[in-house]
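What follows is a short report on a single structure.
The values are calculated or read from the model by the stated rules, or taken from the named source; none is laboratory data. Note that this is a predicted model, so its numbers are computed, not measured. Neighbour counts run over all protein chains shown; Cβ positions are idealised from the backbone, glycine included.
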Amino acid sequence: MAVAAVAGGIAFGLLTRSGETPSIAGFVYPEPRAISPFRLNTQDGKPFELGALKGRWSFVYFGYTYCPDVCPTTLAELARAHKLLEDAGLDASNQYVFVSVDPERDTPKRLAEYVGFFDKKFLGATGSDEALAALTRQIGVFYSFPEGRKGRTYAVDHSSIVALIDPDARLHAVFTPPQKAEGIADGFRRILGTRRGGSG
Amino acid sequence: MQESGTMSARIFLISLSLALGLAIPSAARAQAIQVVDAWSRPTPPGIDVGVAYFTIRNAGKSDRLLRVSTPVAASAELHVSAMTNGVMKMEGLSSVEVGAAPVAFEPSGRHVMLMGLKHPLKEGDVFPLTLTFENAGAVRTRVKVRGTDGKGTGHSGEKH
């Protein structure tokens, strides 16, 4: 009896939590924020716009290819998260996007070689500073270049977040560093759970 | 017989002390600083920057890592990635203090940035890295290139 009551209590607790903000390795917006139009280009020169975010979940990371430490570390974890979600059957139409904030050095060719190296499914995108700002400002991603940058190996300061954008093109959650594949996959699972259990 | 026995014992002791006299300083130097678990990530085609991670152990008195070099890259710098107000910044380190506690160079922290790689690093590759310390001088280690996920080719614990 006691066991059943406890189990019932847990089940009730889980049910009543549905629709609330789940806890993840980062934070979930209680009210997802609609993304306004923007226009970037993919590594194939195709437009990457607001419409590309609709109808699927998107994991978006911001960085640059000359980044030796944090970007490869995060992209490797994101590639593992992709595999974990694929294995769990939660990857039907997800997309994984690497947005370079360093268009001067990150040409489409370079982007293509870079993202494909981590995961064949990864999409690379970038644009002019102005075009990038149209998206990064909405997501709260900051980046800056060193003053008087020269040569090819300068470092870019940047927010190292993975943004999760929902199928209605709304900023739904942010995975904060240091991201781990398990944390991303688990957080996504919880978010899906609350959406299904809640009004959505 | 006894005489010759004493003689050979003396010679032995002399050779032993000579051998120890020569061997102790270099052995102590080699043992005080150990660079272990050195690893790197494979690099995408067309990307000539890379990274190296390792752990420094110091059994001797406090020392200071001054610089690193490797024949696989034009230059190698000591860097640290650090979060400031949610923004990841990468900064150069002029040197790194190595006291009694192990000093880890690891993802999203202290690391060696390799610039001007002469060829892409592939999983399974091993390349030399020389760390120069203020007191211990040059300490060489071998860096193992692991899978893209930082795993896959196992433990790289080379001790030198």
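The residue list A:THR194, A:THR153 contains one member that is surrounded by fewer than 21 Cβ atoms within 10 Å (Cβ to Cβ) and either part of a strand (DSSP E or B) or in contact with a Phe, Trp or Tyr (Cβ under 7 Å, 6 or more places away or on another chain) (or both), which is A:THR153.
Of all positions in the stretch A:88-106, none carries a residue that is facing chain B (nearest Cβ under 10 Å) and in contact (Cβ under 8 Å) with a residue 40 or more places away in the chain.
In the set (1) more than 24 Å from A:GLY116 (Cα to Cα); (2) in contact with a Lys or Arg (Cβ under 9 Å, 6 or more places away or on another chain); (3) part of a strand (DSSP E or B), B:MET115 fails one condition alone, (1).
Being polar (S, T, N, Q), at pLDDT 95 or above and in a loop (DSSP other than H, G, I, E, B) is not true of B:SER108. B:LEU129 meets the stated requirement of being crowded, with 21+ Cβ neighbours inside 10 Å, touching a strand residue (DSSP E or B) at 6+ places or on another chain (Cβ under 7 Å), more than 14 Å from chain A (Cβ to nearest Cβ) and assigned to a strand (DSSP E or B). Taking the criterion of being crowded, with 20+ Cβ neighbours inside 10 Å and of a type in the set (D, E, K, R), the residues of the stretch A:103-127 that qualify are A:ASP106, A:ARG110. The residues of the stretch B:83-105 include none that are in a loop (DSSP other than H, G, I, E, B) and under 15 Å from A:TYR66 (Cα atoms). For A:ASP166, the conditions (1) surrounded by fewer than 17 Cβ atoms within 10 Å (Cβ to Cβ); (2) touching a residue at least 24 places away in the same chain (Cβ under 8 Å); (3) acidic (Asp, Glu) all hold with the exception of (1). When B:ALA76, B:ALA101 are checked against the criterion of being away from chain A (no Cβ under 14 Å) and at pLDDT 95 or above, a single residue qualifies: B:ALA101.
From the set of residues in the stretch B:36-46 that are touching a strand residue (DSSP E or B) at 6+ places or on another chain (Cβ under 8 Å) and outside any strand (DSSP E or B), which is nearest to A:ALA112 (Cα to Cα)? Ranking the candidates gives B:THR43 first. Going by the structure shown, is B:LEU66 in contact with a Phe, Trp or Tyr (Cβ under 7 Å, 6 or more places away or on another chain) and modelled with pLDDT of 95 or more? The answer is yes for B:LEU66. When the stretch A:87-142 is filtered for residues that are in a loop (DSSP other than H, G, I, E, B) and hydroxyl-bearing (Ser, Thr, Tyr), the ones remaining, listed by number, are A:SER93, A:THR107, A:SER128.
Residue count for the stretch A:107-131 satisfying the condition of being without any contact (Cβ under 8 Å) to a residue 24 or more places away in the chain, hydroxyl-bearing (Ser, Thr, Tyr) and more than 14 Å from every other protein chain (Cβ to nearest Cβ): 0. Only residues that are assigned to a strand (DSSP E or B) and away from every other protein chain (no Cβ under 14 Å) were counted across the stretch B:47-72, and they come to 10. The condition of being in contact with an Asp or Glu (Cβ under 6 Å, 6 or more places away or on another chain), within 14 Å of another protein chain (Cβ to nearest Cβ) and either under 17 Å from B:LYS89 (Cβ atoms) or at pLDDT 95 or above (or both) holds for only one of A:VAL174, A:VAL162, A:VAL156, A:VAL141, that being A:VAL156.
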